[in-house]
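Asks: This is the structure I want to talk about, given as structure tokens.
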Amino acid sequence: MMEKRISGTTGLYCLIGSPVGHSGSPAMYNYSFKKLEIDSAYVAFDISEEKVPDAINAFKTLNIRGANVTMPCKSAVVKYMDELSPAARIVGAVNTIVNNGGKLTGHITDGVGFVRNLQEHGVGVKGKKITILGAGGAATAIEVQCALDGAKEINIFNIKDAFYEKAKETIENIKKEVPKCVVNLCDLEDTQKLTEKISESDILVNATRVGMHPNQEQSPIKDTSNFRKGLAVADVVYNPKKTKFLEDAEAAGCTIVGGIGMLLWQGAEAFKLYTGLEMPTEEVNELYFK
Ligand code: NAD
């Protein structure tokens, strides 16, 4: 029982963002704290972007040991960090804050979670050519992490919306930090280029919102002849768990990797940053992600 766990020494961790009421994070972290007999608890606070400075002050005043950060606060917290991990600095966003006696370090674990989830499916990124659809929050974290982890080439495809401009910045940042990695930006509507780049790639990733509930009949890849055996295909969308994009890829014999594992492993990475320990991911997966 929770009541027995909370004492005068219990450390507090939290999630900030808005909305947070639907989040699975409190269940995932509290289960893990209890299982590993860690004297800590985790709650969610609904924090709008304007309230970020107040929330940061509260972390320090109340000695909140760590926090996950979700939309719309992921970029807003950056300037309050005393230190940033290399990935958080390059991406310009933070999803995990560690409070070490008032010194705040910002990390982004989405990209690490994505790469770990691929690994769990037998797919590595080192030396690989990767085509990634999208240039938003999830896509940027993945693009940067794949570059940091030794991808040979990354082809970013996005529609010509505001995120296309953001992709240009991401490319500049990757070129500066990881000059060995070749990064290209193309229009997602250029289907010829898309087919060409996918045919040269080892891994294809949907990191757009396309296919997410309630638009689950949509896929960012309309021409299913782009899928071929030997191509690993991953989605960031986790609602539904198996998107049309993944269904089409599976039908063509591709190795498929769903978005739910990325969610699990980004949490596991944050847990390790908080506690130095491995999250009991098998049980968490069974209980909360199946
Ligand atoms: P975002 O708003 O930052 O980016 C949205 C992206 O989708 C942009 O690249 C945009 O150009 C593209 N897009 C939007 N509409 C499109 C359309 N009609 N056609 C083609 N491209 C289109 O969003 P985000 O925070 O990066 O989230 C994207 C998806 O990733 C969501 O489904 C979210 O739930 C999921 N996500 C998953 C995880 C995970 O752990 N699995 C983590 C973060 C986000």
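Asks: Every residue in segment 8-49 that is farther than 21 Å from F59 by Cβ and either more than 23 Å from the chain's Cα centre (by Cα) or not assigned by the TED database to the domain that holds K79 (or both), please.
Replies: K34, K35, L36, E37
Asks: Given the structure, is A87 over 24 Å from G276 (Cβ atoms), open to solvent by less than 20 Å² (accessible area, probe 1.4 Å) and among the hydrophobic types (A, V, I, L, M, F, W, C)?
Replies: no
Asks: Pick out the one residue from K129, K103 that is touching a helix residue (DSSP H, G or I) at 6+ places or on another chain (Cβ under 7 Å), open to solvent by 10 Å² or more (accessible area, probe 1.4 Å) and away from the ligand (no atom under 16 Å from the Cβ).
Replies: Result of the check over K129, K103: K129.
Asks: Hey, another quick one. A147 - would you say it is of a type outside the set (D, E, K, R), farther than 16 Å from L204 by Cβ and buried (at least 24 other Cβ atoms within 10 Å of the Cβ)?
Replies: Taking the combined requirement at face value, the residue satisfies it.
Asks: Does D202 satisfy being in the same structural domain as A135 (by the TED database), more than 13 Å from the ligand (Cβ to nearest atom) and in contact (Cβ under 8 Å) with a residue 12 or more places away in the chain?
Replies: Working: in the same structural domain as A135 (by the TED database): yes; more than 13 Å from the ligand (Cβ to nearest atom): yes; in contact (Cβ under 8 Å) with a residue 12 or more places away in the chain: yes.
The answer is yes for D202.
Asks: Quick check: is even one residue across segment 237-250 within 11 Å of the ligand (Cβ to nearest atom) and without any contact (Cβ under 8 Å) to a residue 24 or more places away in the chain?
Replies: Taking every residue of segment 237-250 in turn, at least one turns out to be within 11 Å of the ligand (Cβ to nearest atom) and without any contact (Cβ under 8 Å) to a residue 24 or more places away in the chain.
Asks: Can you list the strands (runs of 3 or more DSSP E) lying wholly within segment 48-141 that have 2 or more residues being among the small types (G, A, S)?
Replies: Counting at least 2 such residues, we get 66-69.
Asks: Another question, then. Filter segment 241-258 down to the residues that are surrounded by fewer than 19 Cβ atoms within 10 Å (Cβ to Cβ) and closer than 13 Å to Q216 by Cβ and list them by number.
Replies: Correct list: K241, K242, E247.
Asks: With the requirement that a residue be out of contact with any Pro (no Cβ under 8 Å at 6 or more places or on another chain), polar (S, T, N, Q) and more than 8 Å from the ligand (Cβ to nearest atom), what does segment 205-222 give you?
Replies: N215, S219
Asks: So, one more: If a residue has to be surrounded by 20 or more Cβ atoms within 10 Å (Cβ to Cβ) and either within 16 Å of the ligand (Cβ to nearest atom) or part of a strand (DSSP E or B) (or both) to count, how many in segment 29-43 make the cut?
Replies: The total comes to 3.
The values are calculated or read from the model by the stated rules, or taken from the named source; none is laboratory data. What you are looking at is a predicted structure, and each value in this text was computed from that prediction instead of being measured. Every residue, glycine among them, receives a Cβ derived from its backbone with ideal geometry; neighbour counts consider all protein chains shown. With ligands, DNA and RNA removed, areas are computed over all heavy atoms of the protein, side chains included. Shrake-Rupley method; radii C 1.70, N 1.55, O 1.52, S 1.80 Å.
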